[in-house]
Amino acid sequence: DHSLEAEWKMKGERNFKEEKLSWSFRVGAKVHDNPNIANTVYVGFRRSNLDFRVNPFDFLRNTTFDVRWDIGTKRGGLLRQEYVLGKKIPIKSWGVALKLDVGVIWEDPARYSGNLRDVNDSNFSFVLRPNIQF
């Protein structure tokens, strides 16, 4: 499939010695040459915070949140939803943080049609993403 994807993104960061905060907003579209793959527009946002000064197990501190919604251009319904939450455990002496993201991605079977549609395929994917942030 030949496809074209375009995205506009606005990002921001605040980096201090003991704290890093970043966020982004994005809007985009993906157009496919194959008529059996739905064209979509999408919106998303992300927020991430790393603070070496707080208790690593504080619920809201040292977290990430990432959301994306893909909307079909023909019928306007949600064809894909992505929700990912992350927790960071900072190691101040090393200047790094251990990070674990967990989430879910849901895809509507209407995203594909014709011989590309697999009715037996699961609509959900689970995200488990370990990482190290420095």
**Report entry** Pairs of lysines in region 1-114 (C-alpha under 15 Å apart; 8 or more residues apart or interchain)
**Finding:** 10
Query raised in the report: Roughly how many percent of the accessible protein surface of region 1-94 is carbon and sulfur, given a 1.4 Å probe and a whole-percent answer?
Result: 58
Query raised in the report: GNM on the chain, C-alpha springs below 10 Å: top fluctuator among 11, 99, 74?
Result: 74
Query - Note, ³J(HN,Hα) from phi for region 58-75, Karplus 6.51, -1.76, 1.60, rounded to Hz, x at Gly and Pro - result: 4, 4, 8, 6, 6, 10, 10, 9, 9, 10, 8, 10, 9, 10, x, 7, 7, 10
**Report entry** Nonlocal amide H pairs with residue 34, under 5 Å, H built at 1.01 Å
**Finding:** 2
Query raised in the report: In region 63-116, which chymotrypsin sites (Phe, Trp or Tyr not before Pro) are in a loop and have at most 14 other Cβ atoms within 10 Å, using DSSP for the loop call?
Result: 94
Report summary line: For the chain, one quarter of the surface area of the C-alpha convex hull, expressed in nm², comes to 9.5
Query raised in the report: Considering only the other residues whose Cβ falls under 13 Å of the Cβ of residue 123, what net charge follows from Lys and Arg at +1 and Asp and Glu at -1?
Result: -2
Report summary line: accessible surface per residue for region 54-134, probe 1.4 Å, DNA/RNA/ligands not counted, whole Å² -> 69
Report task. Go through region 22-36 residue by residue and turn each phi into a ³J(HN,Hα) via Karplus (6.51, -1.76, 1.60, θ = phi - 60°); whole Hz please, and just put x for glycine and proline. Result -> 9, 8, 8, 10, 9, 9, x, 8, 10, 10, 10, 6, 7, x, 8
Report summary line: Lys and Arg at +1, Asp and Glu at -1: neighbours of residue 19 with Cβ under 9 Å from its Cβ sum to +2
Query raised in the report: Of 18, 107, 82, which is the most mobile in a GNM of the chain whose springs link Cα atoms less than 10 angstrom apart?
Result: 18
Query raised in the report: Can you give me the Cα centroid spacing of region 57-73 and region 15-49 in angstrom?
Result: 11
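The values are calculated or read from the model by the stated rules, or taken from the named source; none is laboratory data. Values in this document were obtained by computation on a predicted structure and should not be read as measured data. So basically every Cβ, Gly included, is an ideal-geometry build from the backbone, and we count neighbours across all protein chains shown. In case anyone asks, the SASA skips ligands and DNA or RNA and just uses the protein heavy atoms, side chains included. Shrake-Rupley method; radii C 1.70, N 1.55, O 1.52, S 1.80 Å.
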